[in-house]
Amino acid sequence: MVEINGVYKHFKGNLYKVIGVAKNSETLEETVVYKALYGEGGLWVRPLKMFEEEIERDGKKFKRFQLINNG
C-alpha cells in the first residue's frame, strides 16, 4: 500500500490533509481518504491513481494534488 500522508494543495487552491490510503473491499483499488482544511472540514475519497495524476488545464500540465507538507 502507498504511503502519501501529508498536506496537499489541490490545483484549484484548496488545502487537504491526507488521512491515509484504503482499499476497496470489492475491487482492492487503492483509494485516498482526505480531509478538507477549509469550511466544515469534510472527508473525501478519490482513487489513488486519480489523486496522483497529472492534468491539463488551459494548455498547462500540473499535478491534481501537490504535496506541500509531509508532516
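Per residue of region 40-46, in order, report the coupling 6.51 cos²θ - 1.76 cosθ + 1.60 (Karplus, θ = phi - 60°) as ³J(HN,Hα) in whole Hz, putting x for Gly and Pro.
Calculated HN-Hα couplings, in order: 7, x, x, 8, 9, 9, 7 Hz.
Which value, in debye to the nearest 20, gives the size of the charge dipole of region 6-69 about its Cα centre, when Lys and Arg are +1 and Asp and Glu are -1 at the Cβ?
In total the dipole reaches around 280 debye.
Can you give me the long-range amide H partners of L37? Hydrogens built in the peptide plane at 1.01 Å from N, cutoff under 5 Å, separation of 5 or more residues or another chain.
Long-range HN contacts for L37: L15, Y16, K17.
How much length is gained on full extension from T27 to L43, taking 0.36 nm per residue of separation minus their Cα-Cα distance?
In short, 3.6 nm is gained.
Relative contact order for the chain: what is it in percent, counting Cα pairs under 8 Å that are at least 6 residues apart?
Once divided by the residue count of the chain, the mean separation gives 32 percent.
Go ahead and estimate [θ] at 222 nm for the chain from helices alone: -39,500 (n - 2.57) per DSSP H run with n ≥ 4, summed, over the residue count, rounded to 500.
-1500 deg cm²/dmol
Please list, in order along region 55-64, the HN-Hα scalar couplings obtained from phi with the Karplus expression 6.51 cos²θ - 1.76 cosθ + 1.60 (θ = phi - 60°), rounded to whole Hz, x for Gly and Pro.
10, 10, 9, 6, x, 10, 10, 7, 6, 4
First select every other residue whose beta carbon is under 13 angstrom from the beta carbon of E54; then total the charges, Lys and Arg +1, Asp and Glu -1.
Net charge in that neighbourhood comes out at +3.
Read-outs: derived from the displayed coordinates by stated rules, not from any lab. The structure presented is a predicted model; accordingly, all values stated were derived computationally and were not measured. All Cβ positions, glycine included, derive from the backbone under ideal geometry; neighbour counts span all protein chains shown.
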